[in-house]
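In what follows, a structure is listed as structure tokens, so that the remarks can point back to it.
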Amino acid sequence: MNAKHKLLSRIIRVNQAGELGAQKIYSAQKKVFEFLGKHDDVKEISRMAEEEQEHLDYFNDEIKKRNVRPTILGPIWEVGATAIGLSTAIMGPKAAYTCTEAVEEVIVEHYQDQIDLLEGIDPLLQSKIKKFQADEEAHKQTAIEHGSQQVPSKTRDDDDGPITDCTRRQACVLSLWTYMAMSSGCCISLCAVCAKRSQTRDPGDAGFPESES
């Protein structure tokens, strides 16, 4: 396997894992909002999920066409993404949108790294990723418009109850799951970016241990 094929295989494997995770997150959040009768949020989550299904379909096709091995951590990643989708939705719509904003910020930067790497190597794949990056940025803005930045880093259930970490910590855990699903060394920026975001809301507690490439 030459260097070009290794690079393209890694990019496709990483992106397929990420888009699969996104669908699991949205699906879990949608189920919670349906149960709670939050129809406007069901509609918004469904719209974003439908747009991102195009991304997953494309990378699924590329995996088959290019004979790329999917990540072996896929089943673990699916469970983790579902769990975080459920937990953020249970905390409420703003918490769910905070998760969306944090994750989309990471993915937009990650896609930019890939766009730069693919310059002069695979123009078609590069153009697809540019389109998907624009979709992710739009979803980040949607999350902000729906109150993602209004969630505090700490919440208290009652006057005597324990202080619990809120959605930024959840989003950082999600980014760590994404990092685990990706090839070694391909996405160290995920943890760095998410740690920075967590420290902005809750200095001194990034929410996950140091990662190794």
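What follows draws every value from the coordinates through simple rules; no lab data is involved. Worth saying up front: this structure is predicted, and the values here are computed from it rather than measured. With ideal geometry, Cβ positions are generated from the backbone for all residues, glycine too; neighbour counts draw on all protein chains shown.
Tabulated data
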| quantity | calculated |
| --- | --- |
| Greater than 21 Å apart at Cα, pairs in 38/94; 94/140; 24/94; 43/130; 4/128 | 43/130 |
| Neighbour-count order for 79, 42, fewest beta carbons within 10 angstrom listed first | 79, 42 |
| Kirkwood hydrodynamic radius of the range 3-152, Cα pairs, Å | 15.8 Å |
| Restricting the range 25-132 to GluC sites (Glu not before Pro) in coil, as DSSP defines it, with at most 14 other Cβ within 10 Å | 119 |
